[in-house]
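Only one structure is covered here, and it is reproduced in the block below.
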Amino acid sequence: MKIYLPLLGFFLLGACTTETKLNYPNTRKVDTVDTYFGIKVPDPYRWLEDDNSDSTKKWVDAENALTQNYFSKIPFRNKIAERLRKIWNFEKMSAPYLKGKKYFYSKNNGMQNQSVLFYKEGLNGDGKLLLDPNTLSTDGTISLQGWEISRDGKYMQYGISKAGSDWEEFFVKDIASGKDIADHLKWIKFSGASWKDNGFYYGRYDTPKGSELSEANKNQKLYFHTIGDVQEKDKLIYKDEAHPNRMFSSQVTDDQKWLIIYSSEFTSGNGLMIKDLTNPSSEFKTIVDLNEKSDDYGVLEVIGHKIIIRTNRAAPNYKLVEVDFDHPEASNWKIIIPETKNNLAGVSIAADKYILNYLVDVKSQLMIYDKSGKKISDLPTDKMVSISELSCDKDDSLVFIGIATFTSPPTIIKYNLNTNVSTLYFKPTIDFKSEDFETKQVFYTSKDGTKIPMFITHKKGIKLDGTNPCFVFGYGGFTSHYAPEFRTDRAVFLESGGIYCVANIRGGDEYGETWHQGGIKCNKQNVFDDFIAAGEYLIENKYTSKEKLACQGRSNGGLLIGACETQRPDLFKVCIPMVGVMDMLRYDKFTIGRAWSSDYGLSENQEEFNCLFKYSPLHNIKEVNYPATLITTGDHDDRVVPAHSFKFAATMQAKQQGNQPILIRIDKNAGHGSGKPTDKQIEEFSDIWAFVFYNLGMKY
């Protein structure tokens, strides 16, 4: 976000163009070759996929030593870290969540590694400590990943993750005493908990036979755990051995009468089954079958035998429908709220009303409807905001809304649906002059003529003369979008005169499923074209120049940066691909990777192989002059395994023809990003921004 300008001492550095080429570690090659449809594809660094081997660990240590030595020579690196710590040190709070008569919320005093969970009796009650994850480890690497309160308010189920892994362990806490009971569940991944009476439903995998951080995740099963039992006694509720890649999640309706099971095999599309919990002999009834072309379905509530569902079936921007339990055929569905030109990003229920969150050009607009589908009112917000969170209870009139912008941390508004009165509930105080900055939205033209929205944030009154450092961020996939949000680390860049841009490229859900489909499988090149066009727009319109343009993305966004860097190495001065999917021919071999094939396709299918091979970052590295590149990953990343970044870095280093650095930063005891402690975040962002400043020739 931004940086204060008390004079910390300024340094003017060149963009590293006079540096000599770094002496990279000698990464051995092997003769591994795969053949895809008659095409031989070498994989000389295949051995780096073994995360447990001594050879891989030695390589990691050598690369980290080179990277840290490089950082140590940037004279203002520590100053950036000092400034980040000052900006980061503000109180953060989540919107309160009502369960029974208690409000639950998380809070961070500013510099705590993990936020702390509290509750209070009534909105004006005193906060009581419920769970402090900071007491679970000495370095903050154990994080709270999710929690759910039992219907009677007596127990809390919660999950913890260690070192950033997706694997979770579940525990149960007695709320009155604040003490854990004996329950301890393991090998849980991609699962919440749904309470029913004295237990909860959850999904788990069998104990891994190979590496728990890289072995493919298969055969998830749904269980019911009774409080006080050991895990071995948990009752198997559902499995599907015929489809080992399928995953299952559960939902119990508020009246405890219905169990809903969602089945999914990919990141898009799900099946839907329902079971009558009041009848022990009842079987699951299929409402929607899961298949490769499945749409998305989410149950809001069940009223009698009527199921209220938000879906994009025959409605790319989503609609609200009523489905009869006894006659679930789509021809019998009743539309409650029809699809509009804007994407219906979410629906909540409060005070017997529907609260709809629409995306309007990637900004939030809340609307209130009654249960019959009649619009009551808009819930007004400023023009350049998004809803960061919305917390409400179906039987209560109070709604807590997190309002986010690019220039200030989220505030929480309390809105009363009965009186239509909104009041400020929480506003943080931060050491950053938000009023000195502004955000605007532009629409630029991509290669095929599609108009792409982009947010641009900078100091007020900035001169567009082509000399400004510019940092552009993107993602472009998996029906995700980046609406206005405050990212604390961007502060040092904005305060130093930088321009921060977010390109809302295809592949996300900015404009519903049509926008998503425009950037998947053999349409994926549209995503890269959209991002490249963003850089060209910023240069053509004098926001910046090629010598001052940096780009960043993480995860699927790391793939974005890797692909754009290998396709257009001339366009950027600095590239930061973080925890990226770089090997598009083998991504499906690890952990949950195969679920991404709904967006990417698979190399085992010839047409999709041809598309993947054309853009796969690892397989399109040439012997050219690449931009200064900082690749980041975590040694416990079991979402996008670090082998992607390892092999990409080794290949880039071997083929780099210029003197610009190709470095990899491998965080120890860190995963894909979720739950990363504050200390580690500040360390990582200090290194990233030092690298960006140094290679863009910026003053600090």
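Values in this text are rule-based calculations from the coordinates and carry no lab data. As the structure is a computational prediction, the values presented were derived from the model and not from experiment. Please note: Cβ atoms are built from the backbone with ideal geometry, for glycine as well, and neighbour counts cover all protein chains shown.
The table that follows gives values for the structure above.
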read-out	value
Filtered residues of the range 419-465 (kept if among the acidic types (D, E), touching a residue at least 40 places away in the same chain (Cβ under 8 Å) and farther than 14 Å from G497 by Cβ)	D431, D448
Candidate set: the range 573-596, residues that are over 22 Å from V624 (Cα atoms) and basic (K, R); chosen: the one surrounded by the fewest Cβ atoms within 10 Å (Cβ to Cβ)	K589
Long-range neighbours under 6 Å by Cβ, at least six apart or interchain, first residue farther than 11 Å from L222 by Cβ within the range 241-260, second acidic (D, E) and surrounded by 14 or more Cβ atoms within 10 Å (Cβ to Cβ)	N245/E265
Given (1) in contact (Cβ under 8 Å) with a residue 40 or more places away in the chain; (2) among the aromatic types (F, W, Y); (3) outside any loop (DSSP other than H, G, I, E, B), number of the condition F266 does not satisfy	(3)
Residues that are in a helix (DSSP H, G or I) and either of a type in the set (D, E, K, R) or surrounded by fewer than 24 Cβ atoms within 10 Å (Cβ to Cβ) (or both), drawn from the range 626-649	K647
Residue within the range 363-377 that is in contact (Cβ under 8 Å) with a residue 12 or more places away in the chain, part of a strand (DSSP E or B), closer than 30 Å to R490 by Cα and in contact with a His (Cβ under 8 Å, 6 or more places away or on another chain) present	no
The range 467-502, residues that are touching a Pro at 6+ places or on another chain (Cβ under 8 Å), of a type in the set (G, A, S) and either within 26 Å of K451 (Cα to Cα) or not in a loop (DSSP other than H, G, I, E, B) (or both)	G498
Among the residues listed as D166, D139, D152, the single one being part of a loop (DSSP other than H, G, I, E, B), more than 30 Å from F432 (Cα to Cα) and within 24 Å of the chain's Cα centre (by Cα)	D166
Total residues in the range 190-210, condition buried (at least 21 other Cβ atoms within 10 Å of the Cβ) and in a loop (DSSP other than H, G, I, E, B)	2
Looking only at the range 273-284, and only at residues there that are free of Cβ contacts under 8 Å to residues at least 60 places away in the same chain and over 13 Å from Y238 (Cβ atoms), the one that is surrounded by the most Cβ atoms within 10 Å (Cβ to Cβ)	D276
Cβ pairs under 6 Å, 6+ apart, first in the range 331-344 and surrounded by 16 or more Cβ atoms within 10 Å (Cβ to Cβ), second among the acidic types (D, E)	I336/E322; N343/D509
Strands (runs of 3 or more DSSP E) fully within the range 25-130 counting 3 or more residues that are within 20 Å of Q681 (Cα to Cα)	102-108
Matching entry among K414, K394 (being assigned to a loop (DSSP other than H, G, I, E, B) and of a type in the set (K, R))	K394
Subset tally (residues that are surrounded by 15 or more Cβ atoms within 10 Å (Cβ to Cβ) and touching a Phe, Trp or Tyr at 6+ places or on another chain (Cβ under 8 Å)) for the range 111-131	6
